[in-house]
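Sharing a structure below in structure tokens format, with a few things to ask.
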Amino acid sequence: MRLEGKVAIVAGAAWGGIGAATAFRFAEEGARVVVNTHSREEKLTETVDRIRAIGGAAIPVMGDVAAEATWQTLVETALTHFGRLDVMVQNAAQSFVKRAVEFSQEEWDRGLAVTLTGPWLGAKACIPAMIEGGGGSLVFISTVNGTITNPGFGLYGAAKGGLNALTRSIALDYGRDGIRANAIAPGQIVGEREQKRLALDPLEEAACRDCYPLGRYGTPEEIANVALFLASDESSFVTGITLTADGGLTLQSPEALVRPSFRKRWRDDVLIPHPADEVENPYAKR
């Protein structure tokens with residue numbers, strides 16, 4: 001098993017998303033886990049129950065990752081129950097979709113507190129315990145929106161861009177202490193809640209898939225496998241990176257996605273047909 005004997009904290013691990021899939025995957029590979037969420041206690045309980053059902057060891061801790069006390073409790077729980085700490089995965093995030101300067105001060109502060117300050121507080125709490133145990137791996141769940149953006153994603157993108165920079169700084173500052181820090185930048189990942197939402201809008205679901213060269217969006221389990229690699233000794237010479245796992249979303253130009261003449265070179269369909277004259281001459285003036 002790839003994480004045999006290791007102990008991990010996974011924050012943002014309510015069942016149905018990346019954090020829960022990661023905790024479950026870690027348990028499958030022999031890790032004992034402390035899992036956390038802020039407000040969805042029943043879903044955190046489901047994560048724990050599923051891990052225990054396969055013979056894994058999991059302890060839930062409710063709490064806000066934007067609060068230093070939560071991280072102190074998470075670390076103390078890991079050390080008290082399992083005797084060490086080797087891995088920390090920070091998946092929790094919060095944002096509000098608005099144009100860049102339309103957020104309230106409260107919304108802006110809260111988004112940064114959870115999505116950027118939370119990972120920093122996690123590193124601050126976990127690194128000393130990891131150093132005491134001989135080293136460890138920090139894995140931050142970032143996003144492609146840390147480098148590209150979508151409408152209304154100013155707060156989320158700013159926080160995740162900062163998270164990418166924080167990852168690099170931690171890797172540089174603590175590498176000599178046996179600490180590795182890496183981030184994962186997923187594209188669209190569809191878990192249980194997103195599946196239900198997309199099922200109500202077939203066009204949105206089809207357009208979502210159509211944006212990706214692989215022809216589909218990703219699953220929480222696929223990101224969990226990336227986290228497993230970064231948490232394990234298989235990535236022992238990997239630190240300070242933001243590993244993109246986006247199904248090819250960011251490798252293509254916008255033209256590759258929308259121009260009919262480009263689309264037909266690498267896919268058979270046109271999701272939303274253009275008028276005939278526009279297909280023949282996309283630059284024709286109306």
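A short reminder: the numbers here are calculations on the coordinates, not readings from a lab. Quantities reported herein were computed from a predicted structural model and do not represent experimental measurements. Note that each Cβ is placed from the backbone with ideal geometry, even for glycine, and that neighbours are counted across all protein chains shown.
Roughly what percent of Cα-Cα pairs across the range 121-207 reach past 15 Å?
66
In which sequence would Met130, Met62 go, from the one with the fewest C-beta neighbours within 10 Å to the one with the most?
Fewest to most other Cβ atoms nearby, the residues stand as Met62, Met130.
If I take R0 = 41 Å and measure r between the Cβ atoms of Arg176 and Ile148 in this structure, what FRET efficiency does the formula 1/(1 + (r/R0)^6) give, to the nearest 0.05?
About 0.75, to the nearest 0.05.
What ranking do 178-189, 99-110, 151-162, 39-50 get when scored by the average of other Cβ atoms within 10 Å per residue, highest first?
Highest mean packing first, the order is 178-189, 151-162, 39-50, 99-110.
For Trp71, Trp120, what ranking results if the residue with the fewest other Cβ atoms within 10 Å of its Cβ goes first?
Ranked by crowding around the Cβ, least crowded first: Trp120, Trp71.
Cα axis of helix 41-53 to longest principal axis of the chain: angle in degrees, 0 to 90, nearest 10?
So the helix axis and the longest Cα principal axis differ by about 70 degrees.
In whole Å, largest first, what are the principal axis extents of the Cα atoms in the range 27-99?
Cα spread of the range 27-99 along its principal axes, largest to smallest: 46, 24, 19 Å.
What does the charge dipole of the range 175-230 about its Cα centre add up to, to the nearest 20 debye, if the Cβ of each Lys and Arg holds +1 and the Cβ of each Asp and Glu holds -1?
220
By how many nm would the segment from Ala207 to Ala53 lengthen if fully extended, with 0.36 nm per residue of separation less the alpha-carbon distance?
So the chain would gain 51.7 nm between Ala207 and Ala53.
Rounded to the nearest 10 degrees, what's the angle between the helix 154-174 long axis and the longest principal axis of the chain, both from Cα atoms, 0 to 90?
Helix 154-174 sits at roughly 40 degrees to that axis.
Could you give the length gained on full extension between Thr250 and Gln105, defined as 0.36 nm per residue of separation minus the Cα-Cα distance, in nm?
Residue separation times 0.36 nm, minus the Cα-Cα distance, leaves 49.1 nm.
Would you be so kind as to identify which of Pro60, Ile141, Thr115 lies farthest towards the positive end of the dipole of the range 49-199, taking Lys and Arg as +1 and Asp and Glu as -1 on Cβ and the Cα centre as origin?
Most positive-ward Cα: Ile141.
Let me ask something else. Per 5 Å bin, what percent of the C-alpha pairs of the range 15-145 does each bin hold, from zero upward?
For the range 15-145, the pair-distance distribution reads 2, 10, 19, 23, 20, 13, 7, 4, 2, 0.
Using alpha-carbon pairs under 8 Å, 6+ residues apart, how would you state the relative contact order of the chain in percent?
17
Given H placed 1.01 Å from N in the peptide plane, which residues other than close sequence neighbours of Thr242 have an amide H under 5 Å from its amide H?
Sorted by chain and number, the residues that satisfy this are Ala183.
May I have the pair-distance distribution P(r) for the chain, computed from all Cα-Cα distances with 5 Å bins from 0 and rounded to whole percent?
It works out to 1, 6, 12, 15, 18, 16, 12, 8, 6, 4, 2, 2, 1, 0, 0, in whole percents.
Then there's this: So how tilted is helix 220-231 from the main axis of the chain? Cα-based, degrees 0 to 90, rounded to 10.
That works out to roughly 50 degrees.
Simple spin-label model, 7 Å along Cα-to-Cβ: Arg259 to Val238 in nm?
3.4
Explain nothing, just the number: dipole magnitude of the chain about its Cα centre with +1 on each Lys and Arg Cβ and -1 on each Asp and Glu Cβ, in debye rounded to the nearest 20.
With only Lys, Arg, Asp and Glu charged at Cβ, the dipole is about 400 debye.
Which of Phe229, Phe82, Phe237 moves the most in a Gaussian network model of the chain with Cα springs under 10 Å?
Greatest mean-square fluctuation among the candidates belongs to Phe237.
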